[in-house]
1. Using only Cα atoms, what is the ratio of the radius of gyration of segment 105-245 to 2.2 N^0.38 Å?
2. Rounded, prolate or oblate: pick one for segment 361-417, where a ≥ b ≥ c are the square roots of the eigenvalues of its C-alpha gyration tensor, a/c under 1.5 means rounded, and failing that, prolate if a/b is larger than b/c, else oblate.
3. Counting C-alpha atoms alone, how compact is segment 522-579: give Rg to one decimal and Dmax as a whole number, in angstrom.
4. Of the listed peptides 178-186, 461-469, what is their order by residue-averaged count of other C-beta atoms within 10 Å, with the highest listed first?
5. Report, for the chain, the % of DSSP beta bridges that are antiparallel, rounded to 5.
6. So, by mean Cβ neighbours within 10 angstrom, what's the order for 313-322, 356-365 with the highest one leading?
7. Using alpha-carbon positions, what is the distance between the centroids of segment 451-493 and segment 218-286, in Å?
8. Give me Rg over Rh for the chain, both radii from the alpha carbons and Rh done the Kirkwood way, two decimal places.
Amino acid sequence: SSPGRAAGRPARPARPGRPAPHTAMLVTLGALGLGLDARAWRGAPGDLPPYPEMSLPELTSRGSNAVCFSGGGSRAYSAALGQMKALLDLGVIDNVRYLNGISGGAWAASVISYAPESYAATDSDLLGDVTPPEALNLTALNQLSPNARAAATIDFEAVLKKNAVFKGLAGGWQTAVGEIFLSAHGIDPAAYPAWKSESVKELLGRNPGLGEQKFLATRPGRPFPVIGVTLMGPAQSLPFEMSKRSYRMYEYTPLYAGTGVALNETYTEVGVFGSSIPINRQIGGFVEPWAAGAPDGAQTPLRPSGTLEVAAPGAMTFGAAVSASSYFVADPLAVVTRLSSLLTMRDPSWPVVLPGETPQGPPVGETPDQWVFGDGGILDNQNLLGMLQRRVENIVIFINTDVVLAPVEVWDPAERDPTMEEIDDSIPAYFGIEVDNATKAGFFMIRNTIFPRSDFVKVVRALQEAQAKGRGAVVTTPLTTVANPVWKIPAGVETKITWVYTARAREWEKQLPQEVAKLAVSHADPQGNNISALPEDGPLASFPFYKLAWYLTPIQANMLADFSGWVVKENKETLVAALGKQESRVLI
């Protein structure tokens, strides 16, 4: 077999809305009463469940730390590879508990977390090394990297179009993500994630019937990966009413998948003549990822043993989750037309039900609803809120955006709210500030308020000051939460957020060889006096703020990864202080 391929017969990728491979055999086993034993977790109604990873000593011994890679397609993917390699070089990753990825950040987090050592023995083999600016040269920059950087240079649109002809838009998207970002790195898109190889052995000991399935173990020493996907609503309510959307974050991890908070949610179906028809559904709870989206739902309520029975493995394979996390067209399609039912990513989803509960929706043991899934960035482009639900004390957020942070001379946050051209719109949403598109199709961040509005000025001013120094916009700000009942985060939770915002870096530009500087630095402002001046044309136009594109050229991908890694190393003291060893106050 090829390097990195899981041993044994390769599994076929699951089609959107279809059971995973071998389901037919296992459905038969379920019908005979030989069901599969899935671990599941539930809190009391309206509460978060316990987080299973907090029972793992190898994670609780680490600091209460998290790294979050934002969405942003191939731009975010390339930047995250350089940032992760720099963090590894700084020696802090061994103390990081969580690694979050949304959309393009999820592509990177998947490669970082699950690429097997048989594919890339070392982190340098996998991610490439961070080249300092003075050592950059056009010959090397224009070469296709023999590591994960190369994935950003593959024409995603071409792969999508080829597969969409027979699989539809959603199926073509899932195939493209699987081929470019997973299979190419030895990760089987049709497999299910697991924490360690020992976890797989334990799972198969409970469920010999899963022996035909493929499982992915994380690379040694990695933090606990969390992929964020938006759970949008039951497919029968398509198209969604803009003003009545009620989206939730669906987290996909090596131990569990689900939406966490157990509650009854009301969705709205638009009738033929425009009438609103309420659809009440219970959601919430976590289940092992191989059981998520089981086509026949849970066959039993949650048992005292912490397990429930399913008849077959679920449709939410690793490839399905990672592709859904980046399906940025999901919300615009879901709210525009009845044709959205043909274009959305749909899989079965069902709640974890406690004994004695009568769930709103299909009863336990019956065929569950098809649910619509979309880009995690629709809801929270960094999954900061998921980390605050876990009371993580130190969170480093990489905001790999295409929006230049306006300098204070252009926008003073103490004087007015920003526009969407002055700061990435996900940041104001945490402070209860709605910018132009926070509630338009494609975004649903109106319920993300978690910090006092008064602290917004402090955060932005600190980023503007750091950006002006020319070493990257990297700052740490202590913050205390306000109550957010939607996300079940109480007031008074203390945390430290280290914001790493994409910014022009004058000190990096000064060290570039002349041939590289001609391409990477604004001709109108070669001295770097105007932080908003970017390369006007050429192969690095708009660097480092590439607009969302289907793919990057080799020089674009390599430059962005090396630049992003340099910013991390240049701000070593801040990031080591954020992620290094420190005494943890509270564990939940």
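The values are calculated or read from the model by the stated rules, or taken from the named source; none is laboratory data. Note that this is a predicted model, so its numbers are computed, not measured. Positions of Cβ are backbone-derived with ideal geometry, glycine not excepted, and every protein chain shown enters the neighbour counts. We work out accessible area using only protein heavy atoms, side chains counted, and drop any ligands, DNA or RNA first. Shrake-Rupley method; radii C 1.70, N 1.55, O 1.52, S 1.80 Å.
1. Normalised Rg, Cα atoms only: 1.30.
2. Prolate shape, in that a/c is at least 1.5 and a/b is the bigger ratio.
3. Looking at segment 522-579, its Cα Rg and Dmax stand at 13.8, 38 Å.
4. 178-186, 461-469
5. In the chain, DSSP labels about 65 percent of beta bridges as antiparallel.
6. 313-322, 356-365
7. Distance between centres, Cα-based: 27 Å.
8. 0.95
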